[in-house]
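Student: One structure is given below, represented as structure tokens, and several questions about it will come after.
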Amino acid sequence: MKKFAITVLTILFIINCYARTGNNSGYPITPVPFTSVKVTDDFWGKRLQASREVTIPLAFSKCEETGRYLNFQNAANPSAHYKVGGLSFDDTDVYKTIEGASFLLQTYPDKNLEKYIDSVLTIVAAAQESDGYLYTSRTMNPEHPHEWAGKTRWEKVEDLSHEFYNLGHLIEGAVAYYQATGKRNFLDIAIKYADCVERSIGSKPEQVERVPGHQIAEMALAKLYLVTGNKKYLDLAKYFLDKRGYTSRKDTYSQAHKPILEQDEAVGHAVRAGYMYSGIADVAALTGDTAYINTIGRIWENVVDKKLYITGGIGARHQGEAFGNNYELPNLTAYNETCAAISNVYWNHRMFLLHGDSKYYDVLERTLYNAVISGVSIDGGTFFYPNPLESDGKYKFNQGSCSRQAWFGCACCPSNLSRFIPSIPGYVYAVHDKDLYVNLFMSNTSEIEVGGKKVKLSQTTSYPWEGNIKLEVSPKSKQLFSLNIRIPGWVQGRVLPSDLYTYAKNKDLPYVIKVNGIPVESTLYKGYCCISRTWKKGDIVEIEFEMKSRLVKPNEKIVENRGKVAVERGPIVYCAEWADNDFNIFSALLNEQSVFTVEKSSDLSGINKIQTEVQVLDYDSQGGLQIKKEKLSMIPYYAWNHRGIGKMMVWLPQDVSAVRIND
Ligand code: FUB
Ligand code: ZN
């Protein structure tokens, strides 16, 4: 009997660990969790530190200061008939910040932070209605709920009530907190609300048929299924996807213009879209639905062929925060919401986990180093909501301002960064059976299970500034496996896996990979150099990608970029900014044969600046054209707008027709 009890306890323990680590996502490839990857990197280390010391504390204090906690307190006392203010998804900023803090807790245990979160969760729990419904915008005043909420539950969920969006972020936050601490306080709240939605939504007579007006619940429910093992959550995620286009909501804004399996173009609100494509991937991984996989494959090609900014940003239009038409990629008015860039990382990560092709990581890396981190200042304290590729110093793109802001009325981006940045170490490696993928380059030490055995891996690099990477591979004992090193698209002469942008020259860059000093010959498989051998403790892999500053030409179909070029080095997209150049950068003309010099600088927390000679056009006092030679200095795009407001441009004139002397 005692033996039986011990066995049962052991099984329960394994199930619990399994649920907490969230493995077995159905994807053929498994990411190495961020908890196994200790980042020692200068570049990313500073970002993680800023997130820990500045962004997350700031987000918590803003939740407090702006009444987001008060909303939960008010909802616990509906008889007081509080006036509902703010936005119908303000609750999610609390959930997202807890999610980010939970990621921190896994790597930096902090009892005070945990205590603080528990105190917030007590308030959240008190706001939950007895049947699990959790939506302060209605509960605090059911007679006069938020104007977007509708008179009854779910009435406007396909429009702007965000009841399911709140559910999605609630689950994501709750799962993270459970995985970090093992405590169920947040998870039980999320399960209760998920059960309430699951009972209410569906095709049974007592239910109503609805899909989320703003997607994210699909991804979250798939995660809840993995953590609880309860398939009804996966079924609900699939229901939300399969019903889209069949309910009363039928428009492109929320990707409901057609059933999902008929969609082949990225349309509408970009964050909604990115989350939906990620949700489709999650459900496909768990159900093996190839029609789902084909759908996101088609849409991915549309984005990469025709709708992706060089920075990896998506969603060209302010109007509707939406994708534009094919090749509609304006610069000054580019929307490129930070949340949309984050969703693009989620989506491309999942595409990689499905297919094992490095082209998805090429998009992910481009998005990460450019469109995502431009959204948060280097010190972690101010944010961009849109991320334009040009500034005239006047156009107020950032919610009525030309500069980074500490918070917004609609705070989706700062709180999304709060949860995303701490998760970055989880994107570095992945495994599949006896394949170990090295996808991102940042200094770290990690312990990874490959083919059921632990392997220690340490990575040292000066990436993204230099292309030198050293890996020390140390299995416990000699072990046969394949180390699959991603050879980035930028090394292979591809800006993107499409013809949207192309390098003007120096297309392929040389690279060398050595194992214990001996060069490795390998034909690439899906973009990876696969080194299959019996590894032993202390084996050294040295990788050298040559980095060159290169001109990028846009596809001629992008009207806004005609006659212009961009500059890249490694994964970094550059821009020219007023602060480094005391002439009008809009009237600078780059040479066809631009020669670049690279200079290490301690400015902006340590960057490589790029310089090149340009001709600056101007009129003299008689109105005659004059041309002066100047040195144009460029900085990484992500670092712009740290030194005040002024001109900035990514796409620089190379043809006289693109020069703007009078602007
Ligand atoms: O609707 C919730 C969030 O607010 C969206 O994801 C953002 O685009 C902003 O509209
Ligand atoms: Zn946002």
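Student: Being part of a loop (DSSP other than H, G, I, E, B) and modelled with pLDDT of 95 or more is the filter; apply it to region 511-530 and report the residue that is nearest to I310 (Cα to Cα).
Tutor: In this case the residue turns out to be G527.
Quick grid of which residues meet (1) of a type in the set (D, E, K, R); (2) in contact with a Pro (Cβ under 9 Å, 6 or more places away or on another chain):
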| position | (1), (2) |
| --- | --- |
| P145 | no, no |
| W148 | no, no |
| E158 | yes, yes |
| E163 | yes, yes |
| N166 | no, no |
| D195 | yes, no |
| G202 | no, no |
| V208 | no, no |
| K223 | yes, no |
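Student: Which pairs do you get when a residue that is closer than 14 Å to S482 by Cα, found in region 518-537, comes within reach of a residue that is basic (K, R) and exposed (fewer than 14 other Cβ atoms within 10 Å of the Cβ), reach meaning Cβ atoms under 6 angstrom, with the pair 6+ apart or on two chains?
Tutor: Filtered contacts from region 518-537: T534/K478; K536/K478.
Student: For a quick check of your reading of the model, give me the residue pairs whose first member lies in region 407-420 and is closer than 16 Å to V271 by Cα, whose second is aromatic (F, W, Y) and more than 8 Å from ligand 2 (Cβ to nearest atom), with beta-carbon atoms closer than 8 Å and at least 6 apart or on different chains.
Tutor: C412/F89; C413/F383; C413/F384; P414/F383; P414/W407; P414/F408; L417/F383; R419/F103
Student: Next up: Quick check on my filter: what residues within region 588-623 are in a strand (DSSP E or B) and over 13 Å from M634 (Cα atoms)?
Tutor: Once the filter is applied, which keeps residues that are in a strand (DSSP E or B) and over 13 Å from M634 (Cα atoms), region 588-623 yields L589, Q615, V616, L617, D618, Y619.
For (1) closer than 30 Å to T139 by Cα; (2) among the acidic types (D, E); (3) modelled with pLDDT under 95, each residue gets a yes or a no:
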position: P31; (1), (2), (3): no, no, no
position: V39; (1), (2), (3): no, no, no
position: S51; (1), (2), (3): no, no, no
position: V54; (1), (2), (3): no, no, no
position: L58; (1), (2), (3): yes, no, no
position: E114; (1), (2), (3): yes, yes, no
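Student: Right, here's the next one. Does any residue of region 420-441 turn out to be closer than 30 Å to P386 by Cβ, away from ligand 2 (no atom under 16 Å from the Cβ) and touching a Lys or Arg at 6+ places or on another chain (Cβ under 6 Å)?
Tutor: So far as region 420-441 goes, yes, one or more of its residues are closer than 30 Å to P386 by Cβ, away from ligand 2 (no atom under 16 Å from the Cβ) and touching a Lys or Arg at 6+ places or on another chain (Cβ under 6 Å).
Student: Identify the single condition in (1) closer than 30 Å to I531 by Cβ; (2) within 16 Å of ligand 1 (Cβ to nearest atom) that E449 does not satisfy, given that it satisfies every other one.
Tutor: Going through (1) closer than 30 Å to I531 by Cβ; (2) within 16 Å of ligand 1 (Cβ to nearest atom) one by one, E449 breaks only (2).
Student: Filter region 279-315 down to the residues that are hydroxyl-bearing (S, T, Y) and out of contact with any strand residue (DSSP E or B) (no Cβ under 6 Å at 6 or more places or on another chain) and list them by number.
Tutor: Listed by number, the residues that qualify are T287, T290, Y292, T295, Y309.
Student: Let me spell it out: the conditions are (1) assigned to a helix (DSSP H, G or I); (2) surrounded by fewer than 24 Cβ atoms within 10 Å (Cβ to Cβ); (3) within 14 Å of ligand 1 (Cβ to nearest atom), and C410 meets all of them except one. Which number is the exception?
Tutor: The single condition C410 does not satisfy is (1).
Student: Could you say which residue among G268, G213, G245 is in contact with a strand residue (DSSP E or B) (Cβ under 7 Å, 6 or more places away or on another chain) and either within 16 Å of ligand 1 (Cβ to nearest atom) or under 30 Å from G324 (Cα atoms) (or both)?
Tutor: Matching residue, one of G268, G213, G245: G268.
Student: Which pairs do you get when a residue that is without any contact (Cβ under 8 Å) to a residue 40 or more places away in the chain and over 19 Å from G409 (Cα atoms), found in region 81-109, comes within reach of a residue that is of a type in the set (A, V, I, L, M) and within 16 Å of ligand 2 (Cβ to nearest atom), reach meaning Cβ atoms under 7 angstrom, with the pair 6+ apart or on two chains?
Tutor: none
Student: On to the next question. Looking at S161 and the list (1) within 16 Å of ligand 1 (Cβ to nearest atom); (2) hydroxyl-bearing (S, T, Y); (3) part of a helix (DSSP H, G or I), which single condition is not satisfied?
Tutor: Of everything listed in (1) within 16 Å of ligand 1 (Cβ to nearest atom); (2) hydroxyl-bearing (S, T, Y); (3) part of a helix (DSSP H, G or I), S161 misses just condition (3).
Student: For region 294-307, does any single residue satisfy the condition of being within 16 Å of ligand 2 (Cβ to nearest atom) and either touching a residue at least 40 places away in the same chain (Cβ under 8 Å) or crowded, with 24+ Cβ neighbours inside 10 Å (or both)?
Tutor: no
Student: Taking region 413-447, which residues are crowded, with 18+ Cβ neighbours inside 10 Å and part of a strand (DSSP E or B)?
Tutor: Y429, A430, V431, D435, L436, Y437, V438, N444, S446
Student: Still on this structure, I have one more. Of (1) in a loop (DSSP other than H, G, I, E, B); (2) touching a residue at least 24 places away in the same chain (Cβ under 8 Å); (3) under 30 Å from R47 (Cα atoms), G493 satisfies all except one. Which?
Tutor: Tallying (1) in a loop (DSSP other than H, G, I, E, B); (2) touching a residue at least 24 places away in the same chain (Cβ under 8 Å); (3) under 30 Å from R47 (Cα atoms), G493 fails exactly one: (2).
Student: Still on this structure, please answer the following. Which condition from (1) within 28 Å of W490 (Cα to Cα); (2) without any contact (Cβ under 8 Å) to a residue 24 or more places away in the chain is the one that P636 breaks?
Tutor: Going through the list (1) within 28 Å of W490 (Cα to Cα); (2) without any contact (Cβ under 8 Å) to a residue 24 or more places away in the chain, P636 breaks only (2).
The values are calculated or read from the model by the stated rules, or taken from the named source; none is laboratory data. Small disclaimer: the values here were computed from a predicted structure and weren't measured. Cβ atoms come from the backbone with ideal geometry, glycine included; neighbour counts cover every protein chain shown.
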